[in-house]
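Visitor: Starting off with a structure, shown below.
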Amino acid sequence: MADLRCEIAGVKAPNPFWLASAPPTDKEYNVVRAFKAGWGGVVWKTLGEDPPVVNTTSRYGALHYRGHRMMGFNNIELISDRPLQLNLQEIKRVKKDWPDRAILVSLMVPCEEESWKAILEVVEETGADGVELNFGCPHGMSERGMGSAVGQVPDYIEMVVRWCKAHTRMPVFVKLTPNVTSILAPARAARRGGADAVSLINTINSITGVDLDLMTPMPTVHGKGAHGGYCGPAVKPIALCMVGEIARDTECRGLPISAIGGIETWRDAAEFIAMGAGSAQVCTAAMHYGFRIVEDMVTGLSNWMDQKGYRSIEDFRGAAVPNYVDWKDLDMNWDIKARIDQDLCIKCGLCHIACEDTAHQAIAALRTDGARRYEVIDAECVGCNLCSHACPVEGCITMVPVESGRPYMTWEQDPRNPRRVPQAAE
Amino acid sequence: MGDAVDIRAGRLTPAEYDANFDELYPPLDRKRALVEASRCYFCHDAPCVEACPTSIDIPRFIRGIHTDNVAGAATTILEANIMGGACARVCPTEILCEGACVRTAQENKPVKIGLLQRYATDHLLESGTQPFTRAAPTGQRIAVVGAGPAGLACAHALARDGHDVVVFEKRPKGGGLNEYGIAAYKVPHGFAQKEVEFILGVGGIELRCGVALGRDIHLRDLRREFSAVFIGVGLGGVNVLGLPGEELAGVHNAVDYIARLRQADPASLPVGHDVVVIGGGNTAIDIAVQSRRLGATNVTIAYRRGASQMGATRHEQEVAQTNGVTIRHWTRPVRLIGEDDHVRAVELEYTQLGQTGRLMGTDDRFTLRADMVFKAIGQHLVPSALDGSVDLLEIERGKIKVNEDRMSSLDRVWAGGDAIGQGQDLTVQAVEDGKIAARAIHRYLMD
Ligand SMILES: Cc1cc2nc3c(=O)[nH]c(=O)nc-3n(C[C@H](O)[C@H](O)[C@H](O)COP(=O)(O)OP(=O)(O)OC[C@H]3O[C@@H](n4cnc5c(N)ncnc54)[C@H](O)[C@@H]3O)c2cc1C
Ligand SMILES: Cc1cc2nc3c(=O)[nH]c(=O)nc-3n(C[C@H](O)[C@H](O)[C@H](O)COP(=O)(O)O)c2cc1C
Ligand code: SF4
Ligand code: SF4
Ligand code: SF4
């Protein structure tokens, strides 16, 4: 059986499945249940200065898609609304009882050195493995000059990280907000400040819908709505891209990453690890299904690693990063064509109408003796993949490479590129 | 035989009757409807649509349900099939839309089109809104004979086109077999009458009940007084066995008994202890299941061929079996045995296919006890209902002969429904016939 232990910025855990800082990690009761279920670590729900914040009722919104609940999830909750002392006592007790699990403590205090120094001192006493600076929360706290209000200004990030590094021996993780035009600026700032790792993504600014009776953004609070943070399966592609950006950035090279965003299964986690992450944090999936999902995550990852011959997380961590390139580095000579497996085809016609109405008119709708038949017209097919995504039958449309024998040719080398710099040999 | 004939009403408690004659398939609530609607792929050139005799745009109406545009969904259905509500309940969907659904091919689990159709149409009917309007009056008057699915569908379409329609119906109520024939647990709670009211709600249709063609009115007069005539009289005659003992008390036509059942309180209907049903179509299944539900102890369907040759769909056969009906395949009656003029048993003979594929008796016989015997071996058109005009109205294979437009051999006379049907007689096909005829009549009148 594969070794699932992970170590990230010196923080060790029996597996890479951690609960992200959020309601699942709000208090001892939840965290102990999570550890019993098998989670490798937690990032404690963000602590702030006393007096604790006060939350509204009606805190969550959701995007349900075609009968699937919570494809996207959103919240307008603030940081921990429990007294600081109580949280600290509980963290200390849990760490003592569960020494092998990773416990990071998420923090958010005003942008003043004294505030950070003070909270770091008391957190250190709990014996926690590290801290995560919450520069991500996009709602509520940002209006008070914290969370993403800091995370969107690289200089502030660098400054606060420096303070923290100066005032604690604990590893410092910096949790990044995706509500920026490029994730690299804040990530590089964190690195310059001396961060031991980055965690990303936090939630994305969002309104899940508009209540058309109340004419109010959702989730609604007594006739009004505020924007909230978006997460869940729908955000995974955004998170993957941002993780990949940092993983392949030369300025961030070697900066450990704890990945977050839409992780629900072992496969999601494996993808983030392949993209360079050292651990995988989960919030929405746990809030949807409970802690038990970790059981399949652990055995699923382990079985897949066994099958692939990976003995440890490090064996495949970052394996996809070198293949994450810019568009200009893609092979312009690569050619694929859609192929329909007629035995699997159920004749729904979706491939045809998608290609006919919106792509390249490359799937013919035929009738032989009244029976429907959909056939790819190779000469018209540009290999865009659309039909294979629209087809509801798994494996029915495959995209098959055409053997051209032509070499790998980037756009920069492509004679069709009007700005191509001719090669010496030409 | 020995024991007394045991035919009684009130075999069950009131609660049992209520349960037995309530909805066989409960409707979908909104949540279930949304989940089911989300299973539809929104196919292009959807096979389900092609399999629907009325060509309802199924992907479109299911999408409407999915987006909570339920009124739009219902209108889509009713535009194509004004009896979409009845059809949602009575169509043998497994051989129509659901049988063709691509999800049947994919995973043997079609989208539940029938239940979704019911969800949408119920919503509209219950809301009391009338989605249809009438075109400007044309001044043309059209006679429709028979207020069954064919006649009402035809009348509705013509009324929408601005014509005035008079529907002549022999029975006290409209609806045809929706009211008098379909199994009670498929259309309970007075649904058939609610649907008739909805159809008449468009305006321009006058329903005259208790008026029979051939008795009270005559085709010749109708043709004189109206611009066009549509005949949708269904099948009035019941096929006979032609066996000794058929005249005994306790031997009934299934359709007549069902008509009584549909109009009566089930608790007042006498049913036997031992019931034998002769036939293999849906009528046989319906009378067998309803006999069981009235409290009969032993109900046996005797069918002369095998399960796959039965007119009843596989699903209907399963319904019979889960209702405790025994189906004896490859058996046929040879005589009905009576005592004191009342049937007491049926003597049956095993059958087999001969060398040439013809059905033959084997002479291997057995006897089933029976206090009641139901004949369900098919119905036929009664030409006398057509008013002695048979000589003019051409008949083909026992049905009124029509062309593609449902026009008969008589000038300005169209026909549809079971009275012309050459295949399986279905409500949905009758509606389609009425619709096609109305279109043709409209074209004829407006040219
Ligand atoms: C027991 C039974 C169960 C059935 N179950 C189903 C089922 O589950 N699903 C399904 O799709 N189909 C079913 N059918 C078939 C379906 O009911 C018919 O195909 C459909 O009703 C045909 O419609 P129609 O308008 O042609 O005739 P009908 O529904 O028979 O209507 C004809 C109307 O004309 C009237 N009429 C007759 N003669 C005259 C006259 N001389 N003057 C004036 N009016 C006259 C009748 O009273 C009747 O109202 C069933 C049939 C039977 C008998
Ligand atoms: C209700 C809720 C509250 C959250 N509170 C915090 C918080 O206090 N601190 C923090 O860093 N992130 C918070 N988050 C963000 C999550 O930790 C996580 O970054 C985000 O939900 C993406 O992961 P997911 O897609 O697995 O949910 C919260 C998320 C939710 C849904
Ligand atoms: S790959 Fe694109 S172009 Fe080719 S058949 Fe499919 S949809 Fe059409
Ligand atoms: S989308 Fe797939 S299943 Fe549907 S017709 Fe095309 S190939 Fe067949
Ligand atoms: S065939 Fe099935 S999946 Fe396709 S449109 Fe019809 S109901 Fe929907």
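Visitor: When residues of the stretch B:396-420 are filtered for being out of contact with any Ser or Thr (no Cβ under 7 Å at 6 or more places or on another chain) and either among the hydrophobic types (A, V, I, L, M, F, W, C) or at pLDDT below 85 (or both), how many remain?
Guide: Total satisfying the criteria: 5.
Visitor: Additional query: Hey, can you tell me all the residues within the stretch B:20-57 that are on the phi < 0 side of the Ramachandran plot and within 16 Å of ligand 4 (Cβ to nearest atom)?
Guide: The answer is B:Arg39, B:Cys40, B:Tyr41, B:Cys43, B:His44, B:Ala46, B:Pro47, B:Cys48, B:Val49, B:Glu50.
Visitor: For the structure I just gave you, tell me whether B:Ala4 is surrounded by fewer than 16 Cβ atoms within 10 Å (Cβ to Cβ), more than 14 Å from ligand 5 (Cβ to nearest atom) and of a type outside the set (Asp, Glu).
Guide: Yes, satisfied.
Visitor: Just for the stretch A:53-107: of the residues that are part of a loop (DSSP other than H, G, I, E, B) and of a type in the set (Ser, Thr, Tyr), which one is nearest to ligand 3 (Cβ to nearest atom)?
Guide: A:Ser58
Visitor: Just checking, which of A:Asp268, A:Asp296 is touching a Phe, Trp or Tyr at 6+ places or on another chain (Cβ under 9 Å), without any contact (Cβ under 8 Å) to a residue 60 or more places away in the chain and surrounded by fewer than 22 Cβ atoms within 10 Å (Cβ to Cβ)? It would help to see each step written out before you state the result.
Guide: Numbers: A:Asp268 fails: touching a Phe, Trp or Tyr at 6+ places or on another chain (Cβ under 9 Å).
Only one candidate qualifies: A:Asp296.
Visitor: Where in the stretch B:41-112 are there helices (runs of 4 or more DSSP H), lying wholly inside it, with at least 3 residues that are without any contact (Cβ under 8 Å) to a residue 12 or more places away in the chain and within 14 Å of chain A (Cβ to nearest Cβ)? Break it down stepwise before answering.
Guide: Values: elements: B:47-51, B:58-66, B:70-80, B:84-90, B:97-100, B:102-107.
Correct list: B:102-107.
Visitor: Only one of A:Ile273, A:Ile260 is touching a Lys or Arg at 6+ places or on another chain (Cβ under 9 Å), within 20 Å of A:Ala189 (Cβ to Cβ) and assigned by TED's automatic domain parsing to the domain that holds A:Asn75. Can you tell me which?
Guide: Just a single option satisfies the conditions, and that option is A:Ile260.
Visitor: Select from the stretch A:1-18 the residues that are over 16 Å from A:Ile257 (Cα atoms), in a loop (DSSP other than H, G, I, E, B) and not hydrophobic (A, V, I, L, M, F, W, C) and list them in ascending order.
Guide: A:Pro14
Visitor: Still on this structure: Quick check on the stretch B:364-395: of everything there that is assigned to a loop (DSSP other than H, G, I, E, B) and closer than 30 Å to B:Ile7 by Cβ, which residue is modelled with the lowest pLDDT?
Guide: Kept after step one, since they are assigned to a loop (DSSP other than H, G, I, E, B), are these residues of the stretch B:364-395: B:370-371, B:376-378, B:381-382, B:387-388, B:392-394.
From what's left, closer than 30 Å to B:Ile7 by Cβ: B:370-371, B:376-378, B:382.
Working: B:Ala370: 96, B:Asp371: 95, B:Ala376: 95, B:Ile377: 92, B:Gly378: 90, B:Val382: 85.
Applying the filter and picking the extreme gives B:Val382.
Visitor: Could you tell me whether the stretch B:113-134 includes any residue that is within 14 Å of another protein chain (Cβ to nearest Cβ) and either at negative phi or in contact with a Ser or Thr (Cβ under 7 Å, 6 or more places away or on another chain) (or both)?
Guide: yes
Visitor: In the stretch A:81-102, is there at least one residue being among the small types (Gly, Ala, Ser), surrounded by fewer than 24 Cβ atoms within 10 Å (Cβ to Cβ) and either within 24 Å of A:Pro171 (Cβ to Cβ) or in the same structural domain as A:Tyr230 (by TED's automatic domain parsing) (or both)?
Guide: no
Visitor: For the stretch B:10-32, which positions are within 26 Å of the chain's Cα centre (by Cα) and not charged (D, E, K, R)?
Guide: Hits for the stretch B:10-32 are B:Tyr17, B:Ala19, B:Asn20, B:Phe21, B:Leu24, B:Tyr25, B:Pro26, B:Pro27, B:Leu28.
Visitor: Right, here's the next one. List every residue pair whose Cβ atoms lie under 9 Å apart, where the two residues are 6 or more positions apart in sequence or sit on different chains, the first residue falls within the stretch A:376-390 and is away from chain B (no Cβ under 14 Å) and among the small types (Gly, Ala, Ser), and the second residue, located anywhere, is within 13 Å of ligand 4 (Cβ to nearest atom) and in a loop (DSSP other than H, G, I, E, B).
Guide: Note: pairs meeting the criteria are A:Ala379/A:Ala362; A:Ser388/A:Cys396.
Visitor: Still on this structure, please answer the following. Within the stretch A:160-167, does at least one residue satisfy the condition of being under 28 Å from the mean Cα position of the chain (by Cα) and under 17 Å from A:Leu200 (Cβ atoms)? Don't jump to the end; show me each part of the working.
Guide: As a first pass, look at the stretch A:160-167 and keep what is under 28 Å from the mean Cα position of the chain (by Cα): A:160-165.
Filter again for under 17 Å from A:Leu200 (Cβ atoms), leaving A:160-161.
Taking every residue of the stretch A:160-167 in turn, at least one turns out to be under 28 Å from the mean Cα position of the chain (by Cα) and under 17 Å from A:Leu200 (Cβ atoms).
Visitor: Return a yes/no flag: does the stretch A:320-340 have any residue that is under 30 Å from A:Tyr374 (Cα atoms), of a type outside the set (A, V, I, L, M, F, W, C) and within 16 Å of ligand 5 (Cβ to nearest atom).
Guide: The answer is no, given that none of the residues of the stretch A:320-340 is under 30 Å from A:Tyr374 (Cα atoms), of a type outside the set (A, V, I, L, M, F, W, C) and within 16 Å of ligand 5 (Cβ to nearest atom).
Visitor: Output the number of the condition that A:Thr177 fails; it satisfies all remaining conditions of (1) touching a helix residue (DSSP H, G or I) at 6+ places or on another chain (Cβ under 8 Å); (2) surrounded by fewer than 22 Cβ atoms within 10 Å (Cβ to Cβ).
Guide: Among (1) touching a helix residue (DSSP H, G or I) at 6+ places or on another chain (Cβ under 8 Å); (2) surrounded by fewer than 22 Cβ atoms within 10 Å (Cβ to Cβ), A:Thr177 violates only (2).
Visitor: Also, I was wondering about something else. Considering every residue within the stretch A:405-426, establish whether at least one is within 16 Å of ligand 3 (Cβ to nearest atom) and free of Cβ contacts under 8 Å to residues at least 12 places away in the same chain.
Guide: Within the stretch A:405-426, not a single residue is within 16 Å of ligand 3 (Cβ to nearest atom) and free of Cβ contacts under 8 Å to residues at least 12 places away in the same chain.
Visitor: Name the residue, out of A:Ala338, A:Ala354, that is in a strand (DSSP E or B) and more than 16 Å from ligand 2 (Cβ to nearest atom).
Guide: Among A:Ala338, A:Ala354, only A:Ala338 is in a strand (DSSP E or B) and more than 16 Å from ligand 2 (Cβ to nearest atom).
Visitor: On to the next question. The conditions are (1) under 18 Å from B:Ala159 (Cβ atoms); (2) buried (at least 20 other Cβ atoms within 10 Å of the Cβ), and B:Arg439 fails exactly one of them. Which is it?
Guide: Unmet condition: (2).
Visitor: Ok, one more. Against the condition away from ligand 1 (no atom under 12 Å from the Cβ), surrounded by fewer than 20 Cβ atoms within 10 Å (Cβ to Cβ) and part of a loop (DSSP other than H, G, I, E, B), how does B:Val202 come out, does it pass?
Guide: yes
Visitor: What's the number of the condition A:Arg372 fails, among (1) away from ligand 5 (no atom under 16 Å from the Cβ); (2) part of a strand (DSSP E or B)?
Guide: (1)
Visitor: Applying the selection to the stretch B:6-37, what residues are of a type in the set (A, V, I, L, M, F, W, C) and within 14 Å of chain A (Cβ to nearest Cβ)?
Guide: B:Leu28, B:Ala33, B:Leu34, B:Val35, B:Ala37
Visitor: Which one is farthest from the other protein chains (Cβ to nearest Cβ), of the residues in the stretch A:333-372 that are surrounded by 14 or more Cβ atoms within 10 Å (Cβ to Cβ) and basic (Lys, Arg)?
Guide: Among those that are surrounded by 14 or more Cβ atoms within 10 Å (Cβ to Cβ) and basic (Lys, Arg), it is A:Lys337.
Visitor: While we're here: Contact list please: Cβ distance under 9 Å, first residue in the stretch A:56-82 and away from chain B (no Cβ under 14 Å), second residue within 16 Å of ligand 1 (Cβ to nearest atom) and in a strand (DSSP E or B), pairs at least six apart or on different chains.
Guide: none
Visitor: Might you check whether a residue that is part of a helix (DSSP H, G or I), within 14 Å of ligand 2 (Cβ to nearest atom), surrounded by 20 or more Cβ atoms within 10 Å (Cβ to Cβ) and of a type outside the set (Asp, Glu) occurs anywhere in the stretch A:245-258?
Guide: No, the stretch A:245-258 contains no residue that is part of a helix (DSSP H, G or I), within 14 Å of ligand 2 (Cβ to nearest atom), surrounded by 20 or more Cβ atoms within 10 Å (Cβ to Cβ) and of a type outside the set (Asp, Glu).
The values are calculated or read from the model by the stated rules, or taken from the named source; none is laboratory data. Note that the structure is predicted; figures quoted are calculated from it, not measured. Counting neighbours? That spans all protein chains shown, and the Cβs are built from the backbone with ideal geometry, glycine included.
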